[in-house]
Amino acid sequence: MNGRRCVSAVGIAVASLMATGCASIINGSHQDLTVTSQPAALCVSINGEPYGATPVVASLERNKTYVVEVQKDHYLPYQQTVVPVMNGMVWGNLIFGGLIGMVVDSGTGAGYEHSTSIINAYFPTRVEEETHRTKAVCLIAPAVLAERERAAQIKIVKADVQTGYQDPRGH
């Protein structure tokens, strides 16, 4: 009887591993993209959505193309396209995950990685003389703010779980 349970447990473990892709397990479906600039505190937008002032770290889906734009008054905007490229982890599915793993990795986007994970916008040359007008304010889209707040809360909860911290107020 114990032999059958052991074989069943091993079978379930192997089946669960085959039901997920290697890249899905290791990478997840999002990747951080860091945007910096010289000089700092410049306005960043990704696919037209404002993300605030540099430096920016944006968690983006791995299987999508993004156009990152950094702007500064009196300078030409800096633009770079970030494209998804096939991740080498996908080939691990040939050994461990099989066809199901490849489908999972492709479907979740985990089988891709961004063509770059760091963008540094450098503004060496002015295009017009400075005038005495007010400086532009970098906006942040409400959806971006909500996502950042949610991610920060998740990090706090994970840190509390790892350290065993319990809020004395009962929260």
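The values are calculated or read from the model by the stated rules, or taken from the named source; none is laboratory data. Predicted model only: the values in this text are computed from it and were never measured. Each accessible area value is taken on the protein alone, full model and side chains, heavy atoms only, with ligands, DNA and RNA left out. Shrake-Rupley method; radii C 1.70, N 1.55, O 1.52, S 1.80 Å.
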Length-normalised contact order of segment 23-66, Cα under 8 Å, at least 6 apart, in percent, tallies to 43 percent
Diffing segment 140-152: the Karplus 3J(HN,Hα) column from phi (6.51, -1.76, 1.60, θ = phi - 60°), in whole Hz with x for Gly and Pro, holds 10, 4, x, 5, 5, 4, 5, 5, 5, 5, 4, 5, 5
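For Ile119, Ile154, write out the residues from largest to smallest accessible area, computed with a 1.4 angstrom probe and no ligands counted. Write out the running numbers ahead of the final one.
On the way: Ile119 0, Ile154 70 Å².
The ranking, largest first, comes out as Ile154, Ile119.
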Largest-first ranking of Thr54, Thr125, Thr116 by accessible area, probe 1.4 Å, whole protein assembly kept, is Thr125, Thr116, Thr54
